[in-house]
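Everything on this sheet refers to the single structure shown next.
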């Protein structure tokens, strides 16, 4: 609570103060949309701020990676390779803040450049999942009847398989694993989740008073679905998208960890780095520690942001 | 003058597999002339809202059976195709709902919800529609209408929202407006304003208004003719003055008698109609009929539980009762 302006000693707010504040709030609120309103509440939530800072840093680092990273990720440096022994991997030294990896490459630069892969896979997988999920969910929710039944039985089948298992099966089906196959596998896992969520929200919208009112005004069905139902049903889906970013990143890392990711050893990727570090766990645990921390932090950041978003968009939190 | 809307023998039954039908509206007939305000009055569950939804053809597609006829300008609305009905909704007939907040789309500005109807039915272009929308908001008494076009429903007060809804419903000057308890969600001072506004707009545009309400005060102040519904049937219909001066049906009589009076003696007990809707007898049962109101009726005779009373006309009044309240007693 803010203390009343203009008085030196804070005094408990009187009824009049609260009235005034409410009037100010209302004045401020005019011309503000629901989205702006939600954003306002997001800014006051410490959880949201922590999440946003982590996500912001992560995105910033991955965009600026080539300029931040001191060295190339794929080059092996002779001065590092020279000190490489089967029982010891060199740690920090001038020019190489995190030391060498198992092949004599700069570990720090690889960590930074790997963030790009993670962001790329996470964002694309989520976007693809979102688009197809929304398409299926909107169709099922708007038409109902047999369209709904058919689409939802298919998503039920997909939902019944544990997500990572499904992603592994899809990735394993491809002849040659690559970044694209990872994205597709991870995206497919999230499609049924989005579809179910949106379908449920659309069905609730169909029964809502304002859709009935719009129908009573002769608004065309297409406009009812696109203007009156879909935007009102998207709230939970947007929240889910943020949370899915976190799980997509985890799933993608898991796939590369299991050797179903991009096979190119030159390309830095946290999951793959973690997998490779296993062999050197007793020699140099830092090789496993840093990628693991990075994956956890990023997933945590997106999850916190998603949860805060869910709270901010919750109509019950509304005055 | 010929009637604009003629509802004849309207029957709405909700069907469920393995269960007997629930008859919500049971042979309701009434008509509305242009410029007239007709009330449908009754307690919860008597079928007044279902009647209005049936007229708008807004009942769910499945799970109900609507029979009878609903004619507007001699054209049977029940026989129209879905798309033809969509053309008419909002243009020829429209509706105002009970809860103004939930009846507006929360994520788009109010202005867009007005212009949507204008572009849909009057083929207006964006700018013309916006100008017209501002004029409409102005006409229903919303201050600073141009700025309000960009407001979202949650930024408006309850009265303002209901005004906006009225503006939307009247955007295409429909010939028939159905108001389903338009003042129930509002506080009393705003109620009076909204009713005044409706009366004024109806007088200006010549729109026929069907007023659905459980509030006899609304009826007294507004309606030309009143239909009293009980358990899905019209039990009494009369001119407003006639109805209030001499209610003949025991139900109407009880309703009017239950209104607390400011000039009554202090400590006076409020009159109530005993029992509840749950006590109803079915109007038509296989083993003969009955009057649904019998168990709650202070004037019930033996015949009331055995024979369905017929709707009988006496002058402008329609009455469905075996033992109506005598005129003299009703006037008391």
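The values are calculated or read from the model by the stated rules, or taken from the named source; none is laboratory data. Predicted, not measured: the structure shown is a model, and the values here were computed from it. Neighbour counts are summed over all protein chains in view; Cβ atoms, including those assigned to glycine, are modelled from backbone coordinates with ideal geometry.
In this entry, residue A:246 is excluded by the filter for residues that are touching a helix residue (DSSP H, G or I) at 6+ places or on another chain (Cβ under 7 Å) and either modelled with pLDDT under 85 or within 14 Å of chain B (Cβ to nearest Cβ) (or both). Within the option set B:29, B:94, B:83, being modelled with pLDDT of 90 or more, assigned to a strand (DSSP E or B) and farther than 30 Å from residue B:190 by Cβ holds for one residue only, B:29. With respect to residue B:65, is the statement that it is farther than 29 Å from residue B:239 by Cα, surrounded by fewer than 19 Cβ atoms within 10 Å (Cβ to Cβ) and more than 14 Å from every other protein chain (Cβ to nearest Cβ) true? Considered against the rule, which asks whether it is farther than 29 Å from residue B:239 by Cα, surrounded by fewer than 19 Cβ atoms within 10 Å (Cβ to Cβ) and more than 14 Å from every other protein chain (Cβ to nearest Cβ), residue B:65 comes out as yes.
Candidates in the stretch A:51-73 are the residues that are touching a strand residue (DSSP E or B) at 6+ places or on another chain (Cβ under 9 Å) and touching a residue at least 40 places away in the same chain (Cβ under 8 Å); of these, the one that is surrounded by the fewest Cβ atoms within 10 Å (Cβ to Cβ) is A:69.
Of all residues in the stretch B:303-328, which are more than 21 Å from residue B:26 (Cα to Cα) and at pLDDT below 85? Matches in the stretch B:303-328: B:314, B:315, B:316, B:327, B:328. Among the residues of the stretch A:259-289, the ones that are farther than 21 Å from residue A:92 by Cβ, crowded, with 17+ Cβ neighbours inside 10 Å and touching a residue at least 40 places away in the same chain (Cβ under 8 Å) come to 5 in all. In the stretch A:77-97, which residues are touching a helix residue (DSSP H, G or I) at 6+ places or on another chain (Cβ under 7 Å) and buried (at least 18 other Cβ atoms within 10 Å of the Cβ)? Answer for the stretch A:77-97, where residues must be touching a helix residue (DSSP H, G or I) at 6+ places or on another chain (Cβ under 7 Å) and buried (at least 18 other Cβ atoms within 10 Å of the Cβ): A:89, A:90, A:96.
If only residues of the stretch A:208-236 that are crowded, with 20+ Cβ neighbours inside 10 Å and not in a helix (DSSP H, G or I) are counted, the one that is farthest from the other protein chains (Cβ to nearest Cβ) is A:219. Of all residues in the stretch A:150-169, none satisfies being modelled with pLDDT of 90 or more, touching a helix residue (DSSP H, G or I) at 6+ places or on another chain (Cβ under 9 Å), within 14 Å of another protein chain (Cβ to nearest Cβ) and over 30 Å from residue A:117 (Cα atoms). For the condition more than 12 Å from chain A (Cβ to nearest Cβ) and without any contact (Cβ under 8 Å) to a residue 24 or more places away in the chain, residue B:131 qualifies.
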